[in-house]
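Participant: There's a structure below that I have some questions on.
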Amino acid sequence: MDPGILMAIFIGLITATLVNYLADSLPVNRKLTKPVCKICKEPFYLFDYILFKPCKKCHQKRSLRHICSLIFLTIVSALIWIYPPNVGFWIGMVILAYLGLVIIIDMEHRIVMHPVSIAGALIGLAIGSWQHGVVMTLIGCFAGFALMFTLYHLGIWFVRLLSKRRPMGDVEEAIGFGDVIQSGVMGLFLGWPGILAGLIITIVLGGLVSIVILIIQVIRRKYQAYSAIPYAPFIALATLILLMLARPG
Ligand SMILES: [Zn+2]
């Protein structure tokens with residue numbers, strides 16, 4: 001067996017621990033602090049945290065997300081070692097870590113954090129310029145931002161139209177502004193015209209998940225036509241799919 005795979009798996013484990021730590025710490029404290037237990041807020045010893053031990057005070061086991069991201073990132077890191085994408089293994093791991101963090105934070109807290117977006121913009125600008133040149137990268141960013149911004153305003157208009165027809169409580173935006181920013185970041189990673197493929201995949205993924213949610217609601221007879229879904233995870237997933245499937249040659 002290629003000993004490199006063992007290294008790739010090890011790097012995957014380190015990346016997953018880092019992503020889990022950032023996802024535990026950033027949205028809650030807005031800064032990097034010691035990892036703490038979600039239930040009793042007792043801080044973890046670094047090695048207890050890395051070795052996946054339960055909380056020493058309340059014995060709360062680690063969350064399902066910790067385990068899922070560990071398994072997922074380890075498998076993907078082994079895969080991109082065996083089938084390296086255009087950007088290569090190491091840059092691929094940086095992209096994987098960043099997009100994984102965006103997906104987890106948005107799914108758990110339904111926010112897109114500005115420091116995370118800024119970090120993503122810097123990583124995207126560097127990788128995009130290397131892959132597609134500075135000009136195409138900036139055009140991609142502008143296109144991603146502008147197209148999602150248009151959809152954002154269409155979404156607001158659509159929700160207002162619906163709320164005029166029938167009264168509803170909190171008017172939710174169909175697309176959040178964080179999604180617009182995230183779409184601009186996706187444009188940096190993918191450049192022009194790659195961003196168009198990225199947006200199409202995002203909309204298809206978002207649409208498919210909406211249909212699944214709708215079917216579940218119909219089965220449970222709790223129908224809500226305008227429950228907004230967060231788009232940032234799909235934007236991140238679309239970027240990941242396109243970058244990881246881009247093969248050299
Ligand atoms: Zn605890």
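Participant: Ordered by residue, what ³J(HN,Hα) values in Hz, to whole numbers, does the stretch 23-31 give under the Karplus form 6.51 cos²θ - 1.76 cosθ + 1.60, where θ = phi - 60° and Gly and Pro are x?
Facilitator: These are the phi-based 3J(HN,Hα) values: 6, 6, 9, 4, x, 8, 9, 6, 7 Hz.
Participant: So who's got an amide H within less than 5 Å of the one on VAL36, skipping anything under 5 residues away but keeping other chains? H placed 1.01 Å off N, in plane.
Facilitator: Placed amide hydrogens put PHE44 under 5 Å from VAL36.
Participant: Taking amide hydrogens as modeled 1.01 Å from N in the peptide plane, which residues meet the under 5 Å criterion relative to GLY176, leaving out close sequence neighbours?
Facilitator: HN-HN under 5 Å from GLY176: TYR231.
Participant: Also, I was wondering about something else. Could you tell me the calculated FRET efficiency between ILE215 and ALA246, based on Cβ-Cβ distance and R0 = 30 angstrom, to the nearest 0.05?
Facilitator: After rounding, the FRET efficiency stands at 0.35.
Participant: Moving on to the next point. Whose amide H sits under 5 Å from the amide H of ALA246, counting only residues 5 or more places off or on another chain, with H placed in the peptide plane?
Facilitator: ASN86
Participant: How many percent of Cα pairs in the stretch 113-249 exceed 28 Å?
Facilitator: It works out to 24 percent of all Cα pairs.
Participant: I would also like to ask the following. How long are the semi-axes of the equivalent ellipsoid of the stretch 32-151, taking √(5λ) for every eigenvalue λ of the Cα gyration tensor, in whole Å from largest down?
Facilitator: Working: eigenvalues 220, 74, 29 Å².
Taking √(5λ) for each Cα gyration eigenvalue gives 33, 19, 12 Å.
Participant: Can you divide the C-alpha Rg of the stretch 1-83 by 2.2 N^0.38 Å and report the result to two decimal places?
Facilitator: Rounded to two decimals, the normalised Rg is 1.20.
Participant: Another question, then. In this model, which of LYS31/LYS57; LYS34/LYS57; LYS31/LYS56; LYS41/LYS61 are farther than 18 Å apart at the alpha-carbon?
Facilitator: LYS31/LYS57; LYS31/LYS56
Participant: Work through the residues other than ILE235 whose Cβ is under 12 Å from its Cβ and net out their charges, Lys, Arg +1 and Asp, Glu -1.
Facilitator: -2
Participant: At a Förster radius of 25 Å, what calculated FRET efficiency corresponds to the Cβ-Cβ distance of ARG110 and LYS53, to the nearest 0.05?
Facilitator: 0.25
Participant: Please turn the phi angles of the stretch 151-159 into ³J(HN,Hα) values with the Karplus equation 6.51 cos²θ - 1.76 cosθ + 1.60 (θ = phi - 60°), one per residue in order, whole Hz, x for glycine and proline.
Facilitator: Karplus-based 3J(HN,Hα) across the stretch 151-159 equals 4, 4, 6, 4, x, 4, 4, 5, 5 Hz.
Participant: Continuing with this model, one more query. How would MET7, MET186, MET1 line up from fewest to most surrounding beta-carbon atoms within 10 angstrom?
Facilitator: The most exposed by this proxy come first: MET1, MET7, MET186.
Participant: With an 8 Å cut-off on Cα pairs and a minimum separation of 6 or more residues, tell me the relative contact order of the chain in percent.
Facilitator: About 21 percent, as a whole number.
Participant: To one decimal place, what orientation-averaged projected area in nm² is obtained for the convex hull of the Cα set of the chain? Could you put the intermediate results ahead of the total?
Facilitator: On the way: hull surface 64.3 nm².
Taking a quarter of the hull surface, the average projection is 16.1 nm².
Participant: With contacts defined as alpha carbon pairs under 8 Å and 6 or more residues apart, what's the relative contact order of the stretch 69-210 in percent?
Facilitator: Rounded, it is 27 percent for the stretch 69-210.
Participant: Among PRO43, ILE211, ASN20, whose Cα sits farthest toward the positive end of the charge dipole of the chain (+1 at Cβ of Lys/Arg, -1 at Cβ of Asp/Glu, about the Cα centre)?
Facilitator: Most positive-ward Cα: PRO43.
Participant: Determine the dipole magnitude for the chain: charges of +1 sit on the beta-carbon of Lys and Arg, -1 on that of Asp and Glu, nothing else is charged, the reference point is the Cα centre, and the result goes in debye to the nearest 20. The partial results should precede the final answer.
Facilitator: Working: 20 positive and 10 negative charges, 189 e Å.
Around 900 debye, computed over the chain.
Participant: May I pose another question? Hey, with R₀ at 25 Å, roughly what FRET efficiency would TRP130 and MET7 work out to, going by the Cβ-Cβ distance, to 0.05? Before the final figure, lay out the partial values.
Facilitator: Values: r = 24 Å, r/R0 = 0.95.
According to the calculation, E is roughly 0.60.
Participant: Around SER25, with a cut-off of 12 angstrom between Cβ atoms, what is the net charge of the other residues, counting Lys and Arg +1 and Asp and Glu -1? Mind dumping the intermediate values first?
Facilitator: Values: positive: ARG30, LYS31, LYS34, LYS38; negative: ASP24.
Cβ neighbours under 12 Å give a net charge of +3.
All of the numbers you see were taken from the coordinates with simple rules; none came from a lab. Keep in mind that this is a model prediction, so the values were computed, not measured. Cβ atoms come from the backbone with ideal geometry, glycine included; neighbour counts cover every protein chain shown.
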